[in-house]
Amino acid sequence: MEQNELTIRLTLRPAGFSACAHLLCPENRAHQFSFILNSDLTIRSLRADVPVQWQCTDGEKPAFRSPAQRVSVAGERPVAELWVEYEGSVQFDPMQMKNWANIVTPDFVSLSYYSVWYPQDFPFGIAQDRVLLADAPDWFVVKGRWDPSRSVWEYGGEGYDPFNIAAYRKEKLLVVSDEAMNIYFMDPAVRPQAEAARDVYRHITAYYNGRLFPQRRLDVLDVPCAWPAIREGGGYRRRDLMWSVSPGEPGPGLTHFLAHETAHIWCTGAPAETWEDWLNETTAEWSVLCLALGAGDRELFDYTLGRHLPRAASLPPIRTRGGSRPEGVHSKGTALFYRVFEQCGAGVMEKLVRTFATLPDADKNTASYLAALRRGGLAAAADLIEQGLGV
Ligand SMILES: [Zn+2]
């Protein structure tokens, strides 16, 4: 069992931050290793428990994430402890298409895994990770714990990715809550959207949790909204954190967003960086479509299909020769399942979605999925899917 720990001490600045990453890796036996960090950040110092040399090389393009630099560390002996001090900003820049969902303003801070704002891709696992936000008594950190004795917000320490930070200056923070969720926002104009989202979420979980999917205990969902600090881009979900620009106007767009992201509680596990990601995304989209079919919500059904069917034909095949993830697997997969829907009907679609959700983790791949469909009496659907994968 790896005992490695990573702690990030974060200090907010008017338009950026400074940070110190402290890595403990007592089991490391390598003299040299490397990690990545956002290209816009500047390393001020790097030291370790043994003498080290280090250098940065720009040009990393990690999957789904912002451009990064690779930081290579060479120790005279194996490094067991490392401190990296760095600073800068990872501000969202729609023109350069980078740092989506990340911003530091005087009232709101949003930092995510996707911006590589902290050291990532070490050659070893991290068992314990946490973020400490220093000198922040005026702030509220979503999922954080306030420690008055140290005057820090602490997030993480439970072996769970705590690096998706959403923090609000307390005097600006508004909240809509019920027993299942908290929606955090700044602009009073967002309140009607937040109240609608709370009601829609109840409707979604009533269908998913125990009807479409096997029932499980759901964590309380936290939904930080970035509006108006960030006004464009999509949301992302990390277990019980669902980041969004804003819930959006009540209607099919709002329901779709919540229903797609909530479906990923069950529709997950296929390797997301390969073509197999089509399984995660297609079953999540069809969870939304099954919700629409069950509720007789024609508007949601048409909205969801309309996102995909028009573009599906011009996209590359789902299956790739090298295993890489092709563009547009959401759309291509949703259209492929639509063919099954047309031939086999609505009842089969719930089974298609549920069969993927209930596969053991080790079997979350297309070959095992098709085999499970055939075992479950859905051979015709499996044949249609297999023919439509391409290559
Ligand atoms: Zn998705």
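Details
- Cα gyration tensor category, rounded, prolate or oblate, for the range 127-236 with a/c compared to 1.5: oblate
- Counting only residues at least eight positions apart within a chain, or on another chain, the lysines with an alpha carbon under 21 Å from that of residue 143 are 170, 172.
- Relative contact order for the chain, counting Cα pairs under 8 Å that sit 6 or more residues apart, in percent: 11 percent
- Built from the Cα atoms of the range 11-169, the convex hull projects on average onto 9.4 nm², one quarter of its surface area.
- Shape class of the range 174-263 from the alpha-carbon gyration tensor: prolate, with a/c at 1.5 or above and a/b greater than b/c.
- Calculated mean residue ellipticity, 222 nm, the chain: -9000 deg cm²/dmol, from DSSP H runs (n ≥ 4) at -39500 (n - 2.57) each, averaged per residue and rounded to 500.
- Taking one quarter of the surface of the convex hull spanned by the alpha-carbon atoms of the range 277-388 gives a direction-averaged projected area of 6.7 nm².
- Share of Cα-Cα pairs in the chain lying beyond 33 Å, as whole percent: 38 percent
- Of 63, 180, 229, the one that fluctuates the most in a GNM where the chain has Cα springs shorter than 10 Å: 63
- Loop-resident GluC sites (Glu not before Pro) (DSSP state other than H, G, I, E or B) in the range 162-229 with no more than 13 further Cβ atoms inside 10 Å of their Cβ: 179.
- Using C-alpha pairs under 8 Å with a sequence gap of at least 6, the mean separation divided by the residue count of the range 1-106 gives a relative contact order of 34 percent.
- Candidate lysines for bridging to residue 98, where Cα separation is under 17 Å - those fewer than 8 sequence places away on the same chain excluded: 61
- Spatial separation of Cα centroids for the range 329-344 and the range 4-41, in angstrom: 43 Å
- Each peptide in 10-19, 111-120, 283-292 receives the mean, over its residues, of other Cβ atoms within 10 Å, and ordering these scores from highest gives 283-292, 111-120, 10-19.
- Lysines with Cα under 21 Å of residue 332, excluding same-chain neighbours fewer than 8 positions away: 351, 364
Here, each number is a calculation from the coordinates, and none is a lab measurement. What you are looking at is a predicted structure, and each value in this text was computed from that prediction instead of being measured. Cβ sites come from the backbone with ideal geometry, for glycine too, and all protein chains shown count toward neighbours.
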